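The values are calculated or read from the model by the stated rules, or taken from the named source; none is laboratory data. What you are looking at is a predicted structure, and each value in this text was computed from that prediction instead of being measured. Neighbour counts are summed over all protein chains in view; Cβ atoms, including those assigned to glycine, are modelled from backbone coordinates with ideal geometry. SASA here: full protein model, heavy atoms, side chains in, ligands and nucleic acids out. Shrake-Rupley method; radii C 1.70, N 1.55, O 1.52, S 1.80 Å.
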Amino acid sequence: MGIEIIGIGSYLPEKILTNAELEKMVDTTDEWITTRTGIKERRIAKDTEATSDLAIHAAKRAIKKANISPEEIDAIIVATITPDMFFPSTACFVQKGLGAKNAAVFDIAAACSGFIYGTAIAKDMLKNGTYKTVLVIGAETLSRITDWQDRNTCVLLGDGAGAVILKKTDSDSDILSSYLGADGNAGDLLYIPGGGSRNPATHKTVDDRLHYMKMEGNKLFKIAVRAMADSAKKAIELAGITCDDVRLIIPHQANIRIVEAVGKQLGVPMEKVFLNIQKYGNTSAATTPIALEEAIYEGKVKKGDIVVLVAFGGGLTWGAAAIKL
Ligand code: UT7
C-alpha cells in the first residue's frame, strides 16, 4: 500500500504585475529583477480574494481530477503564512467552501516550506490508517503582507495556490521519504514584526509598517542554498534511491540563482530542475504544489516517475520529499 496523489490542482489569480509596472512603483529596473532573481512577472489576487478563495479554487480542481466528492475528504491541511484571519483557521473556510463536511481541518505555518511540512504530516496520518483521504493545500496572498514601498521584497513575491489529494491506494505510488528541519535562531532574517501578540496592532505599528514582511535577503541566500541542497540529499538517501533515479527536482522558487546553485550542489543538470519563477515569483507555501502541477501538465513527469520537492523559508524552516507519482 502506498500513498498516491489522486488529484492535483492549482490556481493563479488573473491579474499580472510585470517588472515594467514595478519600475513605476519603486526604484528598480526590469534588468535588475531579471538578472538577480529570474522573475519577469507575478500574480496578484483581487481585493475581494482572500487566501481561502485561492485555496478553494485549487482544491476544486484537484477534487475534479481525483473524481471524488468533497464528503470523501477526511482531513484538510492548509499551509499558509497569510491566513484569512487569526482564527478560524483558513482550513475552516476551505472546508465550508468545498462542502467537505466530514473533514478534520487545520492550518500549519512553516512559511515557504509549509507544503512539504503538510505532506509529511498527511503521510503519517494516512500511514497510521486513521485517515483515508487528505487534502493538502499551499495557498498565499503574499501581496497583503508586502510593503509596496520596499524594493528589497516587493519585486520577489506573488499570490497563488496549489492543492493535492492524497490517498492510500494499492498502486506503486508513494511518498518515499520526508525530511524536515528548522533553525529558530535565524528567525529574524525573514519575519513580520507587528500585528501578533508580541507587538499587537496599534496606530504606531501600522505607521511604522511593522505588519509587512522584513527580509535580509543576502544572508538568507547562502543558508537557502545549503539547506535546500542538504534537504534534497537527505530525502533521496532516506528514500533509498540516488539522484539518477529522480526524474525532476522541484525546488521552491525564491531566486533562480538559488535554484541553479542547488542544482549544482546536487550535481544535476538544469534540465532536471523545474523552473517557473519567471511567471509567478515566490508564492511561499503555494510554490511547490503549483510547480508540481505544471510539471505534470507540461508532461515533464508522469505516473511512476520520482520527483523531489524541496523548500526553504521563514522560521527558518526547510524540508524535502521524494515522491513516486
Ligand atoms: O523564500 C525563501 C526565503 N527567501 C530567500 O531565500 C531570498 C534569498 N535572497 C535573495 O534571493 C537575494 O538576496 C535578493 C534577490 C533578495 C537580493 O539579491 P542580492 O544579489 O543578494 O542583492 P543585495 O541584497 O546584495 O543587494 C545588492 C544591491 C544593493 O545596492 P547596494 O547596497 O549595492 O548599492 C541593494 O540596495 O541591489 C540593491 N537592490 C535593488 N536594486 C534594484 C535591492 N533590491 C533592489 C531592487 N532593484 N529591487
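The table below lists the values:
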read-out: Residue, farthest from the ligand (Cβ to nearest atom), within the range 238-273, restricted to residues that are polar (S, T, N, Q) and closer than 21 Å to GLU294 by Cα; value: GLN253
read-out: Residue identified as within 16 Å of the ligand (Cβ to nearest atom), in contact with a helix residue (DSSP H, G or I) (Cβ under 9 Å, 6 or more places away or on another chain) and of a type in the set (Asp, Glu) among GLU72, GLU23; value: GLU23
read-out: Residue, surrounded by the fewest Cβ atoms within 10 Å (Cβ to Cβ), within the range 69-113, restricted to residues that are in contact with a Gly (Cβ under 8 Å, 6 or more places away or on another chain) and over 21 Å from THR317 (Cβ atoms); value: GLU71
read-out: The range 121-138 - residue that is open to solvent by less than 10 Å² (accessible area, probe 1.4 Å) and part of a helix (DSSP H, G or I) and, of those, nearest to the ligand (Cβ to nearest atom); value: ALA122
read-out: Counted residues, the range 299-313 - those being surrounded by fewer than 24 Cβ atoms within 10 Å (Cβ to Cβ) and within 19 Å of ALA161 (Cβ to Cβ); value: 0
read-out: Counted residues, the range 26-38 - those being in a loop (DSSP other than H, G, I, E, B), open to solvent by less than 40 Å² (accessible area, probe 1.4 Å) and within 9 Å of the ligand (Cβ to nearest atom); value: 2
read-out: Qualifying residue in the range 272-291 (condition: aromatic (Phe, Trp, Tyr), open to solvent by 10 Å² or more (accessible area, probe 1.4 Å) and over 18 Å from ILE81 (Cβ atoms)); value: no
read-out: Any hit, the range 155-168, residues being open to solvent by 20 Å² or more (accessible area, probe 1.4 Å) and in a strand (DSSP E or B); value: yes
read-out: Selection within the range 172-215 - open to solvent by 50 Å² or more (accessible area, probe 1.4 Å), away from the ligand (no atom under 16 Å from the Cβ) and touching a residue at least 60 places away in the same chain (Cβ under 8 Å); value: ASP172, LEU176, TYR179, ARG209, HIS211
